[in-house]
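Take a look at the structure below.
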Number of protein chains: 4
Amino acid sequence: MKLPLKGIIPPIVTPLVSNTKLDTAGLKNLINHILNGGVHGIFALGTTGEATNLSYEIRKEFLDRVCEFTKGRVPVVAGITDTCFEGSLEIAEAAKNAGVDALVVSTPYYLPISQNEFIIYLEELVPLLPLPFMLYNMPSCTKMHMTINTVKKAKELGAIGIKDSSGNLPYLLALAEEFKSSPEFAVIAGSEIFIPETIIAGGHGAVAGGANLFPSVFVELYEASLVKDFERIDRLKKKLLLIEEKIYNVGAYSSKYIKTIKSALHAMGICNDYVAYPFRKFHDAKQQQIQQHLKEMEMPETVQAR
Amino acid sequence: MKLPLKGIIPPIVTPLVSNTKLDTAGLKNLINHILNGGVHGIFALGTTGEATNLSYEIRKEFLDRVCEFTKGRVPVVAGITDTCFEGSLEIAEAAKNAGVDALVVSTPYYLPISQNEFIIYLEELVPLLPLPFMLYNMPSCTKMHMTINTVKKAKELGAIGIKDSSGNLPYLLALAEEFKSSPEFAVIAGSEIFIPETIIAGGHGAVAGGANLFPSVFVELYEASLVKDFERIDRLKKKLLLIEEKIYNVGAYSSKYIKTIKSALHAMGICNDYVAYPFRKFHDAKQQQIQQHLKEMEMPETVQAR
Amino acid sequence: MKLPLKGIIPPIVTPLVSNTKLDTAGLKNLINHILNGGVHGIFALGTTGEATNLSYEIRKEFLDRVCEFTKGRVPVVAGITDTCFEGSLEIAEAAKNAGVDALVVSTPYYLPISQNEFIIYLEELVPLLPLPFMLYNMPSCTKMHMTINTVKKAKELGAIGIKDSSGNLPYLLALAEEFKSSPEFAVIAGSEIFIPETIIAGGHGAVAGGANLFPSVFVELYEASLVKDFERIDRLKKKLLLIEEKIYNVGAYSSKYIKTIKSALHAMGICNDYVAYPFRKFHDAKQQQIQQHLKEMEMPETVQAR
Amino acid sequence: MKLPLKGIIPPIVTPLVSNTKLDTAGLKNLINHILNGGVHGIFALGTTGEATNLSYEIRKEFLDRVCEFTKGRVPVVAGITDTCFEGSLEIAEAAKNAGVDALVVSTPYYLPISQNEFIIYLEELVPLLPLPFMLYNMPSCTKMHMTINTVKKAKELGAIGIKDSSGNLPYLLALAEEFKSSPEFAVIAGSEIFIPETIIAGGHGAVAGGANLFPSVFVELYEASLVKDFERIDRLKKKLLLIEEKIYNVGAYSSKYIKTIKSALHAMGICNDYVAYPFRKFHDAKQQQIQQHLKEMEMPETVQAR
């Protein structure tokens, strides 16, 4: 894998038929869908991928299938974070065997953990990892916001980048600034709406959930940001707001990103909309609302599909 | 098991030799230690028990050993909460096979979950549970605070009680009030400092981490609270503050309760002080501080041991 | 007066121009200020009211003015406790003549008195009282903490309620529990921070010193507690902590409540800040600190006033 | 009055017929009784004198009578402490008019007061006092223990001595040491059992409640202490322990000194045993016990009386 990791890297959903069975065909469709849209990488087993709600068996099988269907066309990174240390290592090994390119390490997330404890944890974990790793800052789920100092220490331990989903733009820009002199260290936005700011500040890409649905929109926004084409950026940001308004906001609570993306993918004929426990997929009314909104939105992927 | 669950129910630590090996002899000592102190039940695989940081294998073996060593002298309840639905069921089955009396169900804890989503989750989970269950409200770890309405709905689904670790005393008192007309539904304090308030308000007991160390102190506080002996309550609350000051506060961050309790148990010759990843046991200086404080504290369990 | 006494009953300060002269205009302002804030009663001549430091003449004149300005809009209760029996009766008679609704009886407070001696004292005093009376448990000033048994005996002698300022929450909750079957007997918190716990446990109100300053905040907390709106309770408790931090803690020692409340009332343009001997009002620096903090606190009463 | 004040100064009881009427004949007897016993001064309106439980009227009348009956044979000092500043001044003026030699100032005793606040209080009070004053340290009743620094500041403000009733012997000895270089400043023990220690350490006398009953015993102990006659001291201290055992301990609680002394004086035919509210005199059984014990004790005053 060429460093730094960059571009649009969708955190792919995990298509499921049931709580214990992958929707393999749906996954194949999904991967083709996003690669056709021009994405630069794939992030499997992230928050949108419902990783923590899946058994180790299904997570491992998923990584096998993702790599099988991606066929090396783009790098694949895989989340390994678990509250159980051995669980993380088990997924890491499976990721290596499946052909994953790098691991994504967030914070053990049940008991709140301090900056210092996290570094000590990395000191134990990293030597045992069979692949390079990047950080994943996700305080709304892990209750721990990695300070820049923590990120620097993690980099010394080998981190090849960070995906920041804190939603804190100044922090994200500070990361970009901090690591400018380390051109192989990737600063990746986890908030899709910050793509232009991240790229313009010297960051490298975005893990954009919406790219599951409309990969080309995100790729175009990334490219417009690289060349600082503010007019195009402006036009494309409006599309992102439309996704927020017409897709995500059909749902509620934190689970809405998973539910609405799966529901829209289902409406687009790409994969099943089953959502793993503890969450449930949309009932019909919401599903129909998503379907209706998709029609109204006039996004390249849906217009093209007609 | 006789309902309601009541009295002092220590959330026992999980004595470990390493990340993947139980300290079986230490566990036997610990169980005898707390039963000698008069506790009324045992809560295995809670937050203090590091459940989420342990593999399923070790969690299951632990439940076997806990029941083997307890020999039915008091009820044993076991935490089954996991972000993975099948994981929870796997522990629940193992708990039944081990001889556990009831299960403890908290909220899946990675992605924040809404009240309504939690109820829907329980509607899926509860019919599959092989044993009665009680709720565990632990917002600082799960990011979800069960409203009283949610607790009422869970009770309709079969919950036999709730352990509240929110640290919100008005809420805990409201629970006691709300369920007064349901004498079999246990309202259990998860904050050990609220034992008197809970009992006086009509609640039933406490899951008190400090009872790993000084079970008799907590049992006496429970008994003093039952008879509203305010002088004794006052004297015993001072002991609890001493535990806070001299034991817990030797540590820092959320993990301090695990680290300090294990360190003190080690100093008392009861079990190993190994702490599972991502956390680490105390270095020597802290360990010696704990040892010194134990000597100074003049608690029944340590004075007796000399 | 309708029983039980309930709601927010500020222990009003006694506005003074000098040690021997009331600030009558200030008192009128103060009463209008707290009634505008929605309080449910007034407690005159309590600890915050500096009763024991005032001559009988000024205490009697104060009761006349309080009733004159209150005009029966809410019940007025008045402290009569004195080390001298005849002194208590003199204030009690004056209270009746002024139009006070009930008397508040604490423990004669110089020589420590036993539970039994206090009951014998009440047996002598109560038949001579011209108005109903409630108890006032104030051990930090009287050195005597009324046991629940003592309160029960006092109730048999006619007590219509108790204000508990012991700061002992388990005791306060036990009072609420004990007298649940006596719906006309009021259990009133004297520690303003315990309002939610008191109300939720079935108690009736609070004598809240801070309600001199921010009556609406306390009234809202009382109302939120009645409906168990924990979110609002939480938000309002933060305001109470702010009052503690930004107002009370500008002072030191027990007299700080009197000094800071009077200083803040002065800064709010409500009444004079003179404090009766043996205490002295704040010097300029402290007074300015209070003024500055009031600006920063953004409380309804001060924001509104701008 | 010659300074320093010294010798045995009984804190005389206030003989009463009822709560509002002096037992004037009894007072006359009492004064003659103690002067016959050789005492060196009289302390009126102290704790044993029930000052705080008496109306101003009766306190003032009492001072008149005490001076009238003492006829200048020994100095008379009078307690003026009150929670109300004007009340203290009123008694102080009355004391001067009655012919009292010096005033005794303790701490305003309802709301706890700090060292610094007490000094500020003295700065206000002392310039208004018509007579010299001494301090009275009585923390069990006032909740404030005067530090030696506070006593030094009070001395700068004019204090002519201190009576210490803290029961803290090291403190009392430290006072004696501290003021050795101020020969006019009296260090007076308020705990009668410490007479020898006080005198030997350079202190000046004792306010001894038991000297109401057995003045000669205390005077002899004072004299034995002055000449360091340890054999006599030893014999006399046994008599003091006998008073403790046979008289004071017939009662209970803090009020026991007042009740038992009045009861014994009554049994000795000296004055009425009425005790002011909130306390009550002994019932017959206790009264008979006192009478019986007096017979058994073989004290000079009772043997002589037969």
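The values are calculated or read from the model by the stated rules, or taken from the named source; none is laboratory data. Because the structure is a prediction, the values reported are computed rather than measured. Ideal geometry is used to build each Cβ from the backbone, glycine not excepted, and the neighbour counts take in all protein chains shown.
The table below lists the values:
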read-out	value
Answer from C:K228, C:K246 - the residue that is at pLDDT 95 or above and among the basic types (K, R)	C:K246
Selection from the range C:1-22 of residues that are buried (at least 24 other Cβ atoms within 10 Å of the Cβ) and of a type in the set (V, I, T)	C:I8, C:I9, C:I12, C:V13, C:T14
Answer residue from the range B:144-170, given it is basic (K, R) and more than 14 Å from chain C (Cβ to nearest Cβ) and is nearest to B:I9 (Cα to Cα) among those	B:K163
Test for B:I233: is it under 30 Å from A:S114 (Cα atoms), among the hydrophobic types (A, V, I, L, M, F, W, C) and buried (at least 18 other Cβ atoms within 10 Å of the Cβ)	no
Test: residue in the range A:139-159 that is among the aliphatic types (A, V, I, L, M) and under 16 Å from the mean Cα position of the chain (by Cα)	no
So B:A186, is it away from every other protein chain (no Cβ under 14 Å) and under 20 Å from the mean Cα position of the chain (by Cα)	yes
Test for D:G209: is it touching a Pro at 6+ places or on another chain (Cβ under 6 Å) and among the small types (G, A, S)	yes
Candidate set from the range B:171-183 (those that are hydrophobic (A, V, I, L, M, F, W, C) and within 12 Å of chain C (Cβ to nearest Cβ)); member that is farthest from the chain's Cα centre (by Cα)	B:A174
Sole exception among (1) over 21 Å from D:G158 (Cβ atoms); (2) part of a loop (DSSP other than H, G, I, E, B) for D:I113, by number	(1)
In the range D:269-286, residue nearest to the other protein chains (Cβ to nearest Cβ) [restricted to those that are surrounded by 20 or more Cβ atoms within 10 Å (Cβ to Cβ) and more than 12 Å from D:L16 (Cβ to Cβ)]	D:P278
Meets criteria (in contact with a helix residue (DSSP H, G or I) (Cβ under 9 Å, 6 or more places away or on another chain) and farther than 17 Å from D:G7 by Cα) for D:P170	no
Selected residue (criterion: farthest from the chain's Cα centre (by Cα)) from residues of the range A:249-301 that are in contact (Cβ under 8 Å) with a residue 60 or more places away in the chain and in a helix (DSSP H, G or I)	A:P300
Among (1) away from chain A (no Cβ under 14 Å); (2) under 18 Å from the mean Cα position of the chain (by Cα); (3) under 19 Å from B:E57 (Cα atoms) - the single one B:V13 does not satisfy	(1)
Residues being surrounded by fewer than 21 Cβ atoms within 10 Å (Cβ to Cβ), at the interface with chain B (Cβ under 8 Å from one of its Cβ atoms) and among the aliphatic types (A, V, I, L, M) - total across the range A:88-125	1
Residue check, D:K21 among the basic types (K, R) and closer than 20 Å to D:P75 by Cα	no
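Residues are listed down the side, and each one gets a yes or a no for (1) hydroxyl-bearing (S, T, Y); (2) modelled with pLDDT under 95; (3) touching a helix residue (DSSP H, G or I) at 6+ places or on another chain (Cβ under 7 Å); (4) closer than 28 Å to B:L125 by Cβ:
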{"site": "A:S263", "(1), (2), (3), (4)": "yes, no, yes, yes"}
{"site": "A:H266", "(1), (2), (3), (4)": "no, no, no, yes"}
{"site": "A:D273", "(1), (2), (3), (4)": "no, no, yes, yes"}
{"site": "A:Y277", "(1), (2), (3), (4)": "yes, no, yes, yes"}
{"site": "A:Q291", "(1), (2), (3), (4)": "no, no, yes, no"}
{"site": "A:L294", "(1), (2), (3), (4)": "no, no, yes, no"}
{"site": "A:E298", "(1), (2), (3), (4)": "no, yes, no, no"}
{"site": "A:Q304", "(1), (2), (3), (4)": "no, yes, no, no"}
